[in-house]
Amino acid sequence: MRTLACQVGGLEADAATLDLLARLQLAARRLGIEVRLLDATPELRELVAFAGLTGVLPFEPEREAEQREEALGVEEEGQLDDPAA
């Protein structure tokens, strides 16, 4: 089955969003595609769980903060004994 990854971090956690995502998943499955939700807010995750749709609307696993920093190229360097300039 093919997968469609959807960035949902900017969506409101409300009934309209839940309806939209469920309908998207239904239409996608009819075409042999599975929708995976990326970067969902904790509120959206809670709403999906509350509605009992965790099996229908799968989220990508959350990455640890360290992994997010590496992906963004965040690096910190410096000497501990040097005062900040």
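The values are calculated or read from the model by the stated rules, or taken from the named source; none is laboratory data. This one's a predicted model, so the numbers in the text were calculated from it and none came from an experiment. Note that we place each Cβ from the backbone using ideal geometry, even for glycine, and neighbour counts take in every protein chain shown.
Could you please let me know if E46 is among the charged types (D, E, K, R) and under 23 Å from R2 (Cβ atoms)?
no
Within the stretch 32-49, track down each residue that is touching a strand residue (DSSP E or B) at 6+ places or on another chain (Cβ under 7 Å) and touching a residue at least 24 places away in the same chain (Cβ under 8 Å).
G32, I33, E34, V35, R36, L37, L38, D39, A40
Residue by residue through the stretch 13-31, note down the ones that are free of Cβ contacts under 8 Å to residues at least 12 places away in the same chain, loosely packed, with under 13 Cβ neighbours inside 10 Å and of a type in the set (D, E, K, R).
The answer is D19, R23, R30.
Just the residues that are surrounded by 16 or more Cβ atoms within 10 Å (Cβ to Cβ) and more than 10 Å from the chain's Cα centre (by Cα), please, taken from the stretch 1-12.
Answer for the stretch 1-12, where residues must be surrounded by 16 or more Cβ atoms within 10 Å (Cβ to Cβ) and more than 10 Å from the chain's Cα centre (by Cα): just L11.
Looking at E43, E62, E66, which is the one that is within 21 Å of A13 (Cα to Cα) and modelled with pLDDT under 90?
E62
Determine, yes or no, whether V48 is at pLDDT 65 or above and either among the β-branched types (V, I, T) or more than 13 Å from the chain's Cα centre (by Cα) (or both).
Taking the combined requirement at face value, the residue satisfies it.
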